[in-house]
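FYI, it's all coordinate maths here, none of it is from the lab. Just so you know, these numbers come straight off a predicted model, no measurement behind them. Heads up, the Cβs are rebuilt from the backbone with ideal geometry, glycines too, and the neighbour counts pull from every protein chain shown.
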Amino acid sequence: MAIDWFPLWLSLRVAAISTLIAAIGGVVIAYLLANRRFRGKEAIDAAISLPLVLPPTVLGYYLLVLLGREGALGKLYESIFGQPLVFTWQAAVVAALLHSAPLLVKYARAALESVDHSYERAARTLGASEFKVFLRVTLPLVRKPILAAVALAFARSLGDFGITIMLAGNIPGRTQTVAVAIYDAVEAGKGDLARTLVIAISALALLILWLANKLEPHKS
Amino acid sequence: MIQARLRKFLSAGPDSAAFTLDIDLQTSAGVTVLFGPSGAGKTLTLDCIAGFNKPAEGRIAIDDTVLFDAAAAINFTPQDRRCGYVFQNYALFPHMTLRQNLQFAAERLPRLERHRRVGEIMDRFQLNEVAGRKPHELSGGQKQRTSIARALLAAPRILLLDEPSIGLDIPLKAELYAAIRQVRADFGTPVLLVTHDLNECFELAEHMVVMCNGTIAQSGPPLKILDQPSTAEVAALLGAYNLLPVEIRTLDPGNKTSRVRFQEWDLAGPYLPGRFRGDRVTLYIRPDQLTATARDTKATSNAIPATLLRATELPNSVRLEFTNGLRVETPRGEFSKSSNNKDWTIHFPPEAIRVL
């Protein structure tokens, strides 16, 4: 039996793009949460963490309302790109992002809060702008835990099922990611295909977690 | 010239009591030392000057530049204050080499000048040979000098040092003091240093500021403060004073003398201006100003008998503690002559007697 590897390939591509967006946006948000004082900070943190606990179908519903063809953001997207967002692989990216970014923000905030502030203060007294302090001092100091958080976010974006199926659907060869394809294969009684994809995704996830663990600082 | 008038209230936290900082610091000395116990507000004062902490009220100015003025809503960022800061842990960027640490500080200089200035300062602080090393590969003294050199490269208005000698052994302290004197001699940058080490004050301070519970208890040249502490609190901070409750028995302004009574003994001292007969005051005298001799039958004036409780060897002397709480520091040779003796006489030189 010929195995269709498209779902795995799509999942990797979706995870890579969503992780890139999550890494840049998430670290900036985590920096603001860790270093700035403003009203409603913890409320924002809670809102960002919400996707970690809500059922995926609830999240998918919210996204459909917002990004669907009748949703405000959905209309905006359609007017810019000339096609609707829902039921495209880009929608799978949005789903993966929502699934993984909260985790990254949580880990990155913890890492940034653990930085010894004397380094950042020293840089400021030497005249370095806040941007330069962040880029040249703070980020290098938390390089490893941030990379570990990025790896975890990547592993997590590989595994979304609920939000993806509601927002991107299950179109073989177009929006069918690994998690969706496995469900589909089991439903259709294709045991071999399901087994192969399950083993492949498990091995991949294990490898990423092992890498992330190696990056985390360990107390010996 | 540094002027810092600061008020800041910190409410009680989970592991700290409420605290109020309220000081008016003025100094134009080359090296000013903030001296006081932990929790006196010394580091908070440095942090307010450097701009890490915002006072509720007050004004901070260095020479003609106002860095902070609550009334005029002036509050420079740490970047614009140009206050060099040497942290307790030196805060050398661990992911950069020594040279990169210095270059980081020189980036505000014109491009052509950077290289020359970094080279120059490495020469001056003997850092050339280790320029390629990361901070964790440097010795304690090298880290210290790098930290000071890095702060100086940014051409600071003032150099602030937060307990720089804490945890250093004696040779390293000597190196640090040499480096700080070099800052004064070669760069002319005023230095404000925080410590709770009295020897360090005498080693470095032209002007000493004693802080206690968020306020300035006394300030002036270190010798003068040691000679005339303004309150019992300051005397206790300077350590090792004998503090005795006495009653003033006579005052003779003509002969510039006085007599005070401690328990059942009369002691002669200098005239005590501003005091009255019958006042109960605290006499203070340093252990090294007292002398102790093995007791003999001869009656001596200005001396009281005491029984030896314990003798402790110090690097340069012996400290004797007596049953009545008096402490005397005496040269080792003097003591060894009669070290088995229990009964002693303690002599009070009249001119050394001071009261609070």
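List A:Trp5, A:Trp210 from most exposed to least, where exposure is judged by having the fewest other Cβ atoms within 10 Å.
Ordered by Cβ neighbours within 10 Å, fewest first: A:Trp210, A:Trp5.
Based solely on C-alpha atoms, express the radius of gyration and the Dmax of the range A:6-215 in angstrom.
For the range A:6-215, the Cα-based Rg and Dmax read 19.2, 66 Å.
Hey, got the dipole for the range A:6-215? About the Cα centre, +1 on K and R Cβ, -1 on D and E Cβ, debye to the nearest 20?
Around 660 debye, computed over the range A:6-215.
Choose one of B:Thr189, B:Ile121, B:Thr231: the residue whose Cα lies farthest towards the positive end of the charge dipole of the range B:2-236 (beta-carbon charges +1 Lys, Arg; -1 Asp, Glu; about the Cα centre).
After comparing all options, I get B:Ile121.
Quick one: Cα centre-to-centre distance for the range B:133-205 and the range B:245-261, in angstrom?
47 Å
Among the lysines, which have Cα under 17 Å from the Cα of A:Lys214 when same-chain residues fewer than 8 positions away are ignored?
A:Lys144
Charges only on Cβ, +1 for Lys and Arg, -1 for Asp and Glu: so what's the dipole of the range B:240-355 about the Cα centre, in debye to the nearest 20?
The dipole of the range B:240-355 has a size of about 140 debye.
Between A:Phe6 and B:Glu129, how many nm apart are label points set 7 Å from Cα along the C-beta direction?
Computed distance between label sites A:Phe6 and B:Glu129 equals 6.9 nm.
Nearest 10 degrees, 0 to 90: what angle lies between the long axis of helix B:111-124 and the longest principal axis of chain B (Cα atoms)?
Once rounded, the angle reads 30 degrees.
Taking a quarter of the surface of the convex hull around the Cα atoms of the range B:240-355, what do you get in nm²?
7.4 nm²
Within 10 Å of each residue's Cβ, count the other Cβ atoms and sort B:Arg310, B:Arg145, A:Arg174 from fewest upward.
By the 10 Å Cβ count, ascending: B:Arg310, A:Arg174, B:Arg145.
What is the calculated FRET efficiency for B:Asn316 to B:Phe9, with r their C-beta to C-beta distance and R₀ = 56 Å, to the nearest 0.05?
It comes out at approximately 0.80.
List the lysines whose Cα lies under 24 Å from the Cα of B:Lys42, skipping any in the same chain that are fewer than 8 positions away.
B:Lys8, B:Lys54, B:Lys143, B:Lys173, B:Lys224
Could you state the number of Å between the C-alpha centres of the range B:82-117 and the range A:47-98?
Here the answer is 47 Å between Cα centres.
Compute the Cα gyration tensor for the range A:89-129, then decide on rounded, prolate or oblate, letting a ≥ b ≥ c be the square roots of its eigenvalues: rounded whenever a/c is under 1.5, prolate when a/b is larger than b/c in the other cases, and oblate in all that remain.
oblate
Along the Cα-to-Cβ line of B:Ala178, 7 Å from the Cα, sits a label point; which residues in the range B:82-112 have backbone N less than 17 Å from it?
none
Once the dipole of the protein assembly as shown is set up with Lys and Arg at +1 and Asp and Glu at -1 on Cβ about the Cα centre, which of A:Val86, B:Pro135, A:Asn213 lies farthest towards its positive end?
Result: A:Val86.
Any lysines with Cα under 28 Å of the B:Lys337 Cα? List them, leaving off those in the same chain fewer than 8 positions away.
The reachable lysines, counting only those whose Cα sits under 28 Å from B:Lys337, are B:Lys298.
Within the range B:41-65, list the residues whose amide N lies under 20 Å from a label point set 7 Å along Cα→Cβ of B:Ala71.
Output list for this probe position: B:49, B:54-65.
Counting other C-beta atoms within 10 Å, which of B:Asp47, A:Asp160 has the fewest, and how do the rest follow?
B:Asp47, A:Asp160
Between B:Arg277 and B:Ser38, what FRET efficiency follows from the Cβ-Cβ distance if R0 is 45 Å, with the result rounded to 0.05?
0.65
If r is the Cβ-Cβ distance from B:Thr300 to B:Asp169 and R0 is 35 Å, what FRET efficiency results, to the nearest 0.05?
0.20
Relative contact order (percent) for chain A, with alpha-carbon contacts under 8 angstrom and 6 or more residues of separation?
Dividing the mean separation by the residue count of chain A yields 30 percent.
From the residues B:Thr312, B:Ser301, B:Tyr271, which one has its Cα farthest along the dipole of the range B:270-334 in the positive direction, the dipole being from +1 and -1 charges on Cβ of Lys/Arg and Asp/Glu about the Cα centre?
The residue sitting most towards the positive pole is B:Tyr271.
Running a GNM on chain B with Cα contacts under 10 Å, which residue among B:Gln289, B:Gln79, B:Gln218 ends up with the highest mean-square fluctuation?
Result: B:Gln79 has the largest fluctuation of those listed.
Can you list the DSSP H helices in chain A whose Cα atoms extend at least 27 Å along the helix axis and whose mean Kyte-Doolittle hydropathy is -1.0 or higher?
In chain A, the long hydrophobic H runs are A:6-35, A:89-113, A:191-215.
Do the sum for chain B: with -39,500 (n - 2.57) for every DSSP H run of n ≥ 4, divided by all residues, what is the mean residue ellipticity at 222 nm, to the nearest 500 deg cm²/dmol?
Value at 222 nm, helices only, nearest 500: -7000 deg cm²/dmol.
For the protein assembly as shown, with only Lys/Arg (+1) and Asp/Glu (-1) charged at the beta-carbon, what is the dipole magnitude about the Cα centre, in debye rounded to 20?
Its charge dipole is roughly 540 debye.
Quick one: Cα centre-to-centre distance for the range B:19-35 and the range A:1-15, in angstrom?
68 Å
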